[in-house]
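The values are calculated or read from the model by the stated rules, or taken from the named source; none is laboratory data. None of the values given here were measured: they were computed from a predicted structure. Note that each Cβ is placed from the backbone with ideal geometry, even for glycine, and that neighbours are counted across all protein chains shown. Heavy atoms of the whole protein, side chains included, go into the accessibility calculation; ligands, DNA and RNA do not. Shrake-Rupley method; radii C 1.70, N 1.55, O 1.52, S 1.80 Å.
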Amino acid sequence: MKKIGLIGGGAHSRGNHLPSLKQYAAEHPGVIELSAFCDIDAEVAQRTAAEFGFARHYTSTDDMLASESLDGVIAVTPVSLTKSIAEQLIKAKLPFVIEKPPGVDVAQAKEICKLVAENNARVMVSVNRRFDPALVAAKEWMTGRKVEFFRATMFRNERREPQFFSETGLHVVDAMRWFAGDIASYQLTARDVNGVKWYRVDIQFVSGVAGLLEVYPTAGMRDEAYEFFGDGFRVHTSNGEMSTGEFMAWENNRQVIHNEPGKDQPGYIKNGTLAETAEFIASLVENRQPTPTPQDVLPSLQLCCEILTQFKTIK
């Protein structure tokens, strides 16, 4: 039985990682033990451990690591803490998951990648769109079909933080790379909308697929969708956390698929977090590297940071 620890009891952890672990443990008896939960707030640590079924709770990662014999850790912490948490867990020789992005900037992310390589560490980055049920189903359906054009859109309401594109927009950039592969070139069109950066990026992938990425942080709604087009077919998926989680396909002028893989399921299933959790646990059981790694996600962060820099030169 693999002993799991989790660090961080914020809203994202409570809404996604904690319920995913609890459900996985219930559905796979004897595979994992929820051994230790850690949060700097003692009340949160105690209450959350009891609510989600952890055997013990801590307010210090040092104390948790010293007291427990863990097999893996999921760290749901602010990006400002990612490097220090990664260093601590690598030193402890523990496989672990960190939140995206894998560092506050490209330089720090490269440092983390170097540490991972030097220590042969088993590290996973949480980018759950790679596990989104609708998107995964769409990718499988398109196997053998030639996609010519790929469009990804992210709309949010009142997201005015300067690093929105690299910290949240990274989700759609990474999903596009996961589907279409490495990026050969891109052209940015950006504008300032009442002090907030909006982005439109035309992308050419090495694979030959053409793409369009649109990220509008203050568009008055929360939505995220992915569309694929090829000769004689179109595919549409929507993110299950913020929308319907649908996977629809049309071929030769008729709709051939209309599925809702996460229908009547909570958001942490619809957005892929449960499947992401299953991948990490499988990597522990099988004694292998989980995916995606920090090195896998690094190019996504590099593109986001390049675009943030380029925006400053666009009038």
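Solvent-accessible surface of region 92-184, taken per residue with a 1.4 Å probe and all protein chains present: 41 Å². Here is the tail figure for the chain: Cα pairs spaced more than 34 Å apart come to 24 percent of all pairs.
Net length available on complete extension from Ser80 to Phe311 is 80.8 nm, with 0.36 nm assigned per residue and the Cα-Cα distance removed. Seen against the Cα atoms of the chain and their longest principal axis, helix 294-311 is set at about 50 degrees. Which of rounded, prolate, oblate describes region 124-184, given a ≥ b ≥ c as roots of the alpha-carbon gyration tensor eigenvalues and a/c under 1.5 marking rounded, otherwise prolate only if a/b is larger than b/c? Because a/c hits 1.5 or more and a/b exceeds b/c, region 124-184 counts as prolate.
With the convex hull drawn over the C-alpha atoms of region 1-83, the volume per residue is 86 Å³. Return the loop-located GluC sites (Glu not before Pro) in region 247-315 (DSSP other than H, G, I, E, B) with at most 14 other Cβ atoms within 10 Å of their own Cβ; answer none if there are none. Those that pass, being in a loop and sparsely packed, are Glu286. The length gained by stretching the chain between Asp223 and Lys93 to full extension, at 0.36 nm per residue less their Cα-Cα distance, is 42.9 nm. Each Lys and Arg Cβ is given +1 and each Asp and Glu Cβ -1; about its Cα centre, region 248-315 then shows a dipole of about 320 debye. Across region 106-249, Cα pairs under 8 Å and at least six residues apart give a relative contact order of 29 percent. For the chain, the longest principal axis of the alpha carbon atoms and the long axis of helix 82-91 meet at an angle near 50°. Just so you know, the Rg over Rh for region 75-226 is 1.00, from Cα atoms, with Rh as the Kirkwood radius.
Taking square-rooted eigenvalues a ≥ b ≥ c of the alpha carbon gyration tensor, is region 1-44 rounded, prolate or oblate, where a/c under 1.5 means rounded and, failing that, a/b exceeding b/c means prolate? The shape class here is oblate. The alpha carbon centroids of region 160-212 and region 1-49 are separated by 33 Å. Taking the DSSP bridge list for region 106-264 and keeping only pairs wholly inside it, about 85 percent are antiparallel. Multiplying the residue separation of Ala282 and Thr59 by 0.36 nm and removing their Cα-Cα distance gives an extension gain of 77.5 nm.
To the nearest ten degrees, helix 273-285 and the longest principal axis of the Cα atoms of the chain are 50 degrees apart. Expressed as a whole percentage, what fraction of the accessible surface of region 18-64 belongs to carbon and sulfur atoms when a 1.4 Å probe is rolled over the protein heavy atoms? On region 18-64, the fraction of accessible area on carbon and sulfur atoms equals 49 percent. Within the straight-line cut-off of under 16 Å between alpha carbons, the lysines reachable from Lys91 are Lys83, Lys114, sequence neighbours fewer than 8 places apart in one chain being disregarded.
Can you bin region 193-299 into rounded, prolate or oblate? Criterion: square roots of the alpha carbon gyration tensor eigenvalues sorted a ≥ b ≥ c, rounded for a/c under 1.5, prolate for a/b above b/c, oblate for the rest. The shape class here is rounded.
Near Gly211, once Lys and Arg are set to +1 and Asp and Glu to -1 for all other residues with Cβ below 11 Å from its Cβ, the sum equals -2. Helical runs (DSSP H, four residues minimum) scored at -39500 (n - 2.57) apiece and divided by the length of the chain put the mean residue ellipticity at 222 nm at -10000 deg cm²/dmol. Principal axis extents of the C-alpha atoms in region 1-148 (largest first, rounded to whole Å): 53, 38, 28.
Just how many % of Cα pairs in region 250-315 lie over 13 Å apart, if you round to the nearest whole percent? For region 250-315, the fraction of Cα-Cα distances above 13 Å is 78 percent.
Inter-label distance, His258 to Gln163: 4.3 nm, where each label sits 7 Å from its Cα along the C-beta direction. For the chain, the share of DSSP beta bridges that are antiparallel, to the nearest 5, is 60%.
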